[in-house]
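Some notes on the structure that comes next.
The values are calculated or read from the model by the stated rules, or taken from the named source; none is laboratory data. What you see is a predicted model, and the numbers here were worked out from it, not measured in a lab. As a convention, Cβ positions derive from the backbone with ideal geometry for all residues, glycine included, and neighbour counts pool all protein chains shown.
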Amino acid sequence: MEKASVILLVEDNDDHAMLVTLALEELDVGYVLHWVRNGAEAMDYLYHRGEFVNPESSPRPDMILLDLRLPLIDGHEVLKTVKESCDLRAIPVVILTSSQNAGDITKAYSNYANSYLVKPMSSDTLVEMIISLGDYWLKWNRHPV
Amino acid sequence: MISTKTDTNDHHRSDEALAERENYLKTIFNSVQIGLLVIDPETHLIFDVNPRAAKLIGLDGSKIIGTICHQFICPVEAGMCPITDLEQKIDDSERILLRPDGSRLPVLKTVIPIIIDGHDYLLESFIDISERKFIESELQESEAKFRDLAERALVGIYLIQDGIFKYVNPKFAEIHGYSVDEMIGILGPKDVIYPDDCPIAQENIRKRLCGECQSIHYETKIVTKNGDIRSVELYGSRTLYQCRPGVVGTALDTTERKHAELSLERSIMRQKRLNLLKQDLLASAKLEQKLKRITDEVVEIFGADFCRIWITSPGDLCETGCKHAAATDGPHICRYMDRCLHLISSSGRYTHIDGEDHSRVPFGCYKIGLVASGAEHKFLTNDVQNDPRVHNHEWAKEIGLVSFAGYQLRPPDGDAIGVLALFSKQKITNEDDAQLDALSNMTALVIQADRIDEDLRASNRIIEGIINAIPVRVFWKNKDLVYMGCNVIFARDAGYADSKDVVGKDDYQMVWRDQAELYRADDLQVIESGRSKLFIEEPQTTPEGNVIVLLTSKIPLRSSKGEVVGVLGIYLDITERNQMETALRDSKEYLDKIINSIGDPIFVVDRQHRHTLVNDAMCELSNRAREEFIGKTPYDFFPKEQVDVFLQKDEVVFETGKEDSNEETITDSKGAIRTIITKKTLYTDASGNKSIVGIINDITNRKKAEEKLKYAHDQLLEIIDFLPDATFVIDKEGKVIAWNRAIEVMTGIQAKEILGKGDYEYAIPFYGERRPVLIDLLLQQVNEIEDKYEHIERKDESLEGEAYMPNMKAGAVYLFGRAAVLYDSAGKPYGAIESIRDITERKRAEQTREGLVKEMESKNAEMERFTYTVSHDLRSPLITVSGLVGFLKSDLEKGNTTRTDTYLERISNAITKMDNLLRDTLELSRIGRVVNPPDSVNFDDIVQDALSQVQERVRKSDAKVTVAQDMPDVYVDRMRIVEVMVNLIENGIKYMGDQAHPEIEIGHRIKDGLYTFFVKDNGIGIDPGQSDKIFELFYKVNDKSEGTGAGLAIVKRIIEVQGGRIWVESENGKGSTFCFNLPLQPSKGV
């Protein structure tokens, strides 16, 4: 049996988190979703600190879905940190945000975001988006070991 | 005609033969060169004659035939014919042929009888022997002469045959001491020739006789009859005498000649020796040596017994050691007393030259002295033993002396300088005498030459001494530019130790070979042109390798004939001199430059007030050239009245020696009158000459400038006085020198009260105290006051600043000041000026504008941020709604209703949120737009207002609220600040967290001179990293928490609009203190 992909969702708006969760249900790959509400929690998760100290319960994600406007530690910061970390930088980080701001896009890419997605209005679109993500990053894409 | 009888038969043949024979005979008869005559013996008639005979006779044949021969052709008389009458046989007999013209022809006649036709005839044949006869007679004559000659000859002539003298001439006999008769036929060579020489002689004779050699000539000795031996020179050659061989020759008595030869040889030898002597005497040697040589030679050559030379030393006074000088009487008293003859050379028997009697002979005394003194140029006697003129006969006899000769030594152009004398055992011949005389002349020349040489040497020594002593180098070269001599110091220059090392070398061999070409070129020029080249400056390389400078003069050297034979050079090392000159020149140039660069006219005058020096500035002043000045007095350049003053002052300086500065007037070249101050100083030079050195300081311009300045200054003050802006001027000391009307009005202080006062008097009306103000900043860097001014700006040369003056008489005003330094014509600051303008209105307007601008800017920024935030944040709930609707729809389609409620609730919440967001957004924008005019209100009132609004919540939270006392007044929009306080208090409550005793403190403090209000809680605090973010619009730490997150953004906006600032001081878990400040008063200080 294939190991299920671990997806880390960093999102402060729980409505949005729900949307993503619902969309993910349409994936045909096995996955496990972990959700954190702000940048600080995201860091804790990735570095196995605080409540995420146990790597078993907080496994290394195969993909991170990252919102930009986060309290405490901002999404850009999280991205930067991940991509600067030798250990974590291989993890694909897909920005998932409501911001269409060109500055945000540029900034994200300058911090080596793997992809930048704008949260769509339509749920259908969201589902499509998420399925593509899954296919691409979890089914097709190869990760280093 | 001869005819002979013959037969006819043969006649015919015989006739023919006869005829032929006859012909034949006729031919012979007619052609022979013998004269033929046929004569009848009886009649003595000539029968026939041949042509030859006819020719000889000189008649035609026909005339001869038929004549009688006697007395016709033959001188013999008739009857005396030798043939017929005397019956002589004439056969080759010499006869005479007579000729009709009377001449007699000698003939050789032969007469033979012939028969012609039966008749007897006589045939005479004769030949002409006239020539022979002539020759014979000649020969005879010659022989006679010869004999005569032989007889008289002074050479001996001999003829030897068979070893005997067959003939000798008298001389020959004489030579041998015999008579002719004693010799001829009796003696032979062997008898007379010296025995030792006989064999040779014999041999010689034999040679000649046998024909080995034709003639011989040799010398031999003979013994005369007396037994004397003499020498003869013999010549001889073979001859025939009486048809037999013999030797004939001559003999010459060479005895005398031999003697003479010997004598000559001796004489030549002597001459040679004398020449050699002469030659040797030419060589350089000491005089004594030469004279000794002479006396030695005299002894040798002439065989003298002894020979001596005395020479005089003129000036040699008799008292100085001459024993003869003591003599006071007698024949040998010294007459001259000032010169003596000193014996200098002696050869032969006596060689010593010292000795009491002879080493020194008074001039004019004794034989020697007499000869020397010239009384007798020469004295010669060949009989010393008896000659009365010689005084010591005994001595002469004793030694066996025979002759004495004394010769005066006198050079050709001078007086006698000595004597050459000799004694001899032989006679002195004339020849000897002549030679000795010549020798004495030569001796005199030698002595003279030596004396000249000595003088020359002495002279040379002096010259050498001089040239070696002087510091000038001297050298001389020949035409080939080879050094012939130099002085020592030159030699050293050349790198040699001694002068003689230089001789023979040329310049290429000297240490200055680099300059050789240069020197040689000059040398050649001098030699070729024959003219001196003087004072050439040229370089020279020293033995150390340095290059020095020389001053050289080259002069052509001429022979006595006037030809140039070389060049003489002298030079001095002028390197130092040059250096000094250069230094001096430089120094002089330097001084000149200095003097001429001084802008003030400078002049020097002598005691007679004539200019000796003027600089460029002086020349410019009077517009004259330097040359025009020198030697002239000022009267030539300037008006009399002015110059009178100058000179008067000059005199004072000359007299007193004291420096003087005097203000005078002078008219310059353009006719302008200038005011000057002339400083005059006395200068006395090393010789005591006095001069005055004057420097003119033209103060005309200064004076003018001063006046102008005064005028300008007064003008300026007038202008200042009428300026609309308040203006005052201070001088360097800070004293007020100008105070215009406007500032009188502004400050209320009158000019007359403040003029001349310093010590920041001018600050009083502004600040109420003495303190530096803007104007002082110019001249000093006073840091404290810089801070008191807003916008201090240095613009160009001035300083601008603004200040708020709360304490002015007219009330609080905003003033703008501009201050600048004032410079005089020299560019030096002499004071400062400040202008002050009341800009209160402007400031206000500015502030208002600034405020408006700021507002607008901030509004714009806000707007942007706002737009962004709103669009972003509003979008969020939209996404929620839209997404959830979508899922709801999809669920419903699938018939799944489990989550429907959740969806709907969330959708509803989202919409509510959107509404709230919109509301707050509007609120925020409203705050930005609408501003109530601020007013002064006590802060405490605001706090109370706020508390009353939140009273319910406060109560619910059990929070304890404390409010500070002595709240100041603030100048704000009251309602807004109340809102702020409400918000902050609410936040404080909201974020209490688990705090058991929630407390909220509201207070104020002063920090850094600023008033700050704060709301402090002891809640959960804020992470320091978030302290800025929290003021961002719609930022929420916790999304789920109450509100839109716009609260603090709104608060911040309000505070900022009021002109304050808000920040938070907090730490996680330690509560938060929100601080902000507010304007207490309308505006800040000026």
The residue that is farthest from the other protein chains (Cβ to nearest Cβ), considering only those in the stretch A:121-145 that are loosely packed, with under 14 Cβ neighbours inside 10 Å and part of a helix (DSSP H, G or I), is A:Trp140
For the stretch A:58-67, state whether one or more residues are within 14 Å of another protein chain (Cβ to nearest Cβ), touching a residue at least 60 places away in the same chain (Cβ under 8 Å), out of contact with any Lys or Arg (no Cβ under 8 Å at 6 or more places or on another chain) and of a type outside the set (Lys, Arg). no
State the number of residues belonging to the stretch B:597-613 that are crowded, with 16+ Cβ neighbours inside 10 Å and under 39 Å from the mean Cα position of the chain (by Cα). 1
Does A:Leu72 satisfy the condition of being within 12 Å of chain B (Cβ to nearest Cβ) and either touching a Lys or Arg at 6+ places or on another chain (Cβ under 8 Å) or under 27 Å from B:Tyr868 (Cα atoms) (or both)? yes
Taking the criterion of being more than 14 Å from chain A (Cβ to nearest Cβ), under 18 Å from B:Leu922 (Cα atoms) and part of a loop (DSSP other than H, G, I, E, B), would at least one residue in the stretch B:971-983 satisfy it? no
In the stretch B:868-887, is there at least one residue being away from chain A (no Cβ under 14 Å) and without any contact (Cβ under 8 Å) to a residue 24 or more places away in the chain? no
Could you identify the single residue in B:Lys166, B:Lys145, B:Lys207 that is surrounded by 15 or more Cβ atoms within 10 Å (Cβ to Cβ) and without any contact (Cβ under 8 Å) to a residue 24 or more places away in the chain? B:Lys207
Filter pass, B:Val950 being modelled with pLDDT of 85 or more, more than 14 Å from chain A (Cβ to nearest Cβ), part of a strand (DSSP E or B) and more than 30 Å from B:Thr867 (Cα to Cα): no
Answer yes or no: is there a residue in the stretch A:87-95 that is in a loop (DSSP other than H, G, I, E, B) and either within 12 Å of chain B (Cβ to nearest Cβ) or of a type in the set (D, E, K, R) (or both). yes
Residues A:Val29, A:Val6, A:Val20: which one is assigned to a loop (DSSP other than H, G, I, E, B) and either surrounded by 19 or more Cβ atoms within 10 Å (Cβ to Cβ) or more than 10 Å from chain B (Cβ to nearest Cβ) (or both)? A:Val29
Positions within the stretch A:102-120 being of a type outside the set (Asp, Glu), within 11 Å of another protein chain (Cβ to nearest Cβ) and crowded, with 16+ Cβ neighbours inside 10 Å, in sequence order: A:Val118, A:Lys119, A:Pro120
Taking B:Leu682 and the conditions (1) more than 57 Å from the chain's Cα centre (by Cα); (2) surrounded by 15 or more Cβ atoms within 10 Å (Cβ to Cβ), which numbered condition does it fall short on, given that it satisfies the others? (1)
Out of the residues in the stretch B:559-585 meeting the condition of being out of contact with any Gly (no Cβ under 7 Å at 6 or more places or on another chain) and of a type in the set (Val, Ile, Thr), tell me which one is nearest to B:Ala494 (Cα to Cα). B:Ile570
Kindly evaluate B:Arg926 against the criterion of being under 30 Å from A:Asp74 (Cα atoms), basic (Lys, Arg) and in a helix (DSSP H, G or I). yes
Across the stretch B:958-970, which residue is farthest from the chain's Cα centre (by Cα) among those that are assigned to a loop (DSSP other than H, G, I, E, B) and not acidic (Asp, Glu)? B:Ala959
Exactly one of (1) outside any strand (DSSP E or B); (2) more than 12 Å from every other protein chain (Cβ to nearest Cβ) is unmet by A:Ala40. Its number? (2)
Just to confirm my filter: which strands (runs of 3 or more DSSP E) fall fully inside the stretch B:261-366 and include at least 2 residues that are at pLDDT below 80? B:340-348, B:360-362
Can you name the number of the only condition in (1) surrounded by fewer than 14 Cβ atoms within 10 Å (Cβ to Cβ); (2) part of a helix (DSSP H, G or I) that B:Asp413 fails? (2)
Taking the conditions exactly as written (of a type in the set (Ser, Thr, Tyr) and more than 40 Å from the chain's Cα centre (by Cα)), does B:Ser440 satisfy them or not? yes
Residue check: is B:Ala251 hydrophobic (A, V, I, L, M, F, W, C), under 30 Å from B:Gly156 (Cβ atoms) and touching a helix residue (DSSP H, G or I) at 6+ places or on another chain (Cβ under 7 Å)? yes
Please tell me if B:Ile1000 is within 14 Å of chain A (Cβ to nearest Cβ), of a type in the set (A, V, I, L, M) and touching a residue at least 24 places away in the same chain (Cβ under 8 Å). no
Anything in the stretch B:391-408 that is over 13 Å from B:Lys425 (Cα atoms) and in contact with a Phe, Trp or Tyr (Cβ under 7 Å, 6 or more places away or on another chain)? List them, or say none. B:Gly406
Just name the residue that is farthest from the chain's Cα centre (by Cα) out of those in the stretch B:180-210 that are of a type in the set (A, V, I, L, M) and assigned to a loop (DSSP other than H, G, I, E, B). B:Ile186
Of all the residues that make up the stretch B:1010-1060, how many are assigned to a strand (DSSP E or B) and either within 12 Å of chain A (Cβ to nearest Cβ) or among the basic types (Lys, Arg) (or both)? 1
Of everything in the stretch A:75-86 that's without any contact (Cβ under 8 Å) to a residue 60 or more places away in the chain and outside any loop (DSSP other than H, G, I, E, B), which residue is farthest from the other protein chains (Cβ to nearest Cβ)? A:Lys83
Residue set B:Arg906, B:Arg899; condition within 14 Å of chain A (Cβ to nearest Cβ), at negative phi, of a type in the set (D, E, K, R) and crowded, with 20+ Cβ neighbours inside 10 Å; output residue B:Arg906
Within the set of pairs 6 or more residues apart or between chains, which connect a residue that is free of Cβ contacts under 8 Å to residues at least 40 places away in the same chain inside the stretch B:404-418 to a residue that is hydroxyl-bearing (Ser, Thr, Tyr) and crowded, with 22+ Cβ neighbours inside 10 Å with Cβ atoms less than 6 Å apart? B:Tyr407/B:Ser440
